[in-house]
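The values are calculated or read from the model by the stated rules, or taken from the named source; none is laboratory data. Just so you know, these numbers come straight off a predicted model, no measurement behind them. FYI the Cβ positions are ideal-geometry reconstructions off the backbone, even for glycines, and counts take in every protein chain you see.
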Amino acid sequence: MKVALRDDDTSFFTDPARLAAVYHDVWDRLPVALAVVPRAAGFADKAIPEKYWKAERAFPLAENPALVEQLRTHVAAGRVTITQHGFTHEDFPGGYEFQAAPDIELRLSEGRAYLEQLLGTPIRLFVPPHNALSKRGLAAISAAGLNLLGSFLSFRPSMRPWDAHTLGNWWRVRDYRRRTGRGKADRFVYPHVLRYQHHAEFGCHSLIPGTTFAELSAGFDEARAAGGHFCLATHYWEVDATLKAVLLKFLDYAARHADVEFVAAERLFEEPS
Ligand SMILES: [Zn+2]
C-alpha cells in the first residue's frame, strides 16, 4: 500500500521558514508533493498575506528567491516533489481558475513550463485550485498528459470528456459506493487510481482544521482493506500545533503497517509491475 502526502498553495507568498516549520520532521520520512502556484495573484484570501490583498497583479515564483532556493535544495534532496497548482489561483465570476478562466490551456502549459524551468524538475501532476475543474479544464490536463490529484473528484460523466475508459471507471466507482453501503449523496475518496486514455486520477483525503485522527485512520483502514492507496492533502498555511499533531499521529499509525510504503505522490500512479 502506497501512502503519499500533498501540500497545496506554495507560491510567491510562501515564507520558506513556514514550510520548514511544518515539514522539517516530516519530509525526511516521506517526500511532500508541493502543489505550487506559478504566478500567484494578489487578492483577499486566507492564504495570502494581507499586504498583497489589493496588489492587483500576479507574482511569479521567481520574485521570492529565498523560496526558490529552498525548493531547489529540497527537490535535489528528495524531500519534496513539485506539482502544478493552477497558474494564478485567482477566482473568476463564473468559478474557480480551472473552471472559468478563458485561457485554461495556456495557463496550464505556461505554468508547467515555468515551474519546470525555474525549479529544474519535471512536472507530472496537476492539482486544481479548490479541487475544481470544468470539463474543458479536465480535457486540457488530459491532453497535456498530466496526472490529476484531487479530492472527492466528481464522477458525473456529463462533467468529463469521454474516452474508452470512462464507462468502466464510472462502473468501478459506482460498484465501490454500493459495496461500502454509501448513497449517491455520500462523499468518499475512491482508493484506487482511475486510468484514462491519456492521464490518470487519484483522490486525496483532506487534513483541514477540524479533521481528526479517527477520521484519517478510518479512511486509511478502508483504503487498505480495499487493496488501495492513500493520499493526504493539507495546506501548510493552516497547519497549527493541533493539525501537526494529527499529521504525525497519522504517519506513525500508517508506518506501523508492514505493507505500507511512503512514496512521492507521483508514484501513486505507477503501473503495478
Ligand atoms: Zn489552493
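What strands (runs of 3 or more DSSP E) completely inside region 10-85 contain at least 3 residues that are modelled with pLDDT of 95 or more and aliphatic (A, V, I, L, M)? Break it down stepwise before answering.
Details: elements: 32-36, 39-41, 58-60, 80-84.
Answer list for region 10-85: 32-36.
If only one of Leu106, Leu118 is assigned to a helix (DSSP H, G or I) and farther than 22 Å from Arg6 by Cβ, which one is it?
Of Leu106, Leu118, the one residue that is assigned to a helix (DSSP H, G or I) and farther than 22 Å from Arg6 by Cβ is Leu106.
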(request) Evaluate region 50-59: report whether one residue or more is surrounded by 13 or more Cβ atoms within 10 Å (Cβ to Cβ) and either without any contact (Cβ under 8 Å) to a residue 24 or more places away in the chain or under 22 Å from Leu248 (Cα atoms) (or both). (result) yes
(request) State all residues of region 133-176 that are outside any loop (DSSP other than H, G, I, E, B), at pLDDT 95 or above and in contact with a Lys or Arg (Cβ under 8 Å, 6 or more places away or on another chain); if no residue qualifies, say none. (result) Asn147, Leu149
(request) Starting from region 125-136, keep only residues that are within 19 Å of Arg195 (Cα to Cα) and touching a residue at least 60 places away in the same chain (Cβ under 8 Å), then list their pairs with residues that are within 10 Å of the ligand (Cβ to nearest atom) and not in a loop (DSSP other than H, G, I, E, B) whose Cβ atoms are within a distance under 6 Å, requiring at least 6 positions of separation or different chains. (result) Val127/Ala35
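Would you check if there is a residue in region 68-80 being within 16 Å of the ligand (Cβ to nearest atom) and surrounded by 13 or more Cβ atoms within 10 Å (Cβ to Cβ)?
Our first condition is that a residue be within 16 Å of the ligand (Cβ to nearest atom); within region 68-80, this holds for none.
Scanning region 68-80 turns up no residue that is within 16 Å of the ligand (Cβ to nearest atom) and surrounded by 13 or more Cβ atoms within 10 Å (Cβ to Cβ).
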(message) Here are the criteria: (1) more than 17 Å from Arg124 (Cα to Cα); (2) outside any loop (DSSP other than H, G, I, E, B); (3) of a type in the set (A, V, I, L, M, F, W, C); (4) more than 16 Å from the ligand (Cβ to nearest atom). Tell me which single one Ala4 does not satisfy.
(response) (1)
(request) Give just the number: which of (1) among the acidic types (Asp, Glu); (2) away from the ligand (no atom under 14 Å from the Cβ); (3) surrounded by 15 or more Cβ atoms within 10 Å (Cβ to Cβ) does Glu90 not satisfy? (result) (2)
(request) Look at Leu108 and say whether it is of a type in the set (A, V, I, L, M), more than 18 Å from Pro161 (Cα to Cα) and touching a residue at least 12 places away in the same chain (Cβ under 8 Å). (result) no
(request) Give region 93-132 a look and list any residue that's under 24 Å from Leu268 (Cβ atoms), of a type in the set (Ser, Thr, Tyr) and surrounded by fewer than 20 Cβ atoms within 10 Å (Cβ to Cβ), or say none. (result) Ser109, Thr121
(request) Select from region 160-204 the residues that are touching a residue at least 40 places away in the same chain (Cβ under 8 Å) and among the charged types (D, E, K, R) and list them in ascending order. (result) Glu201
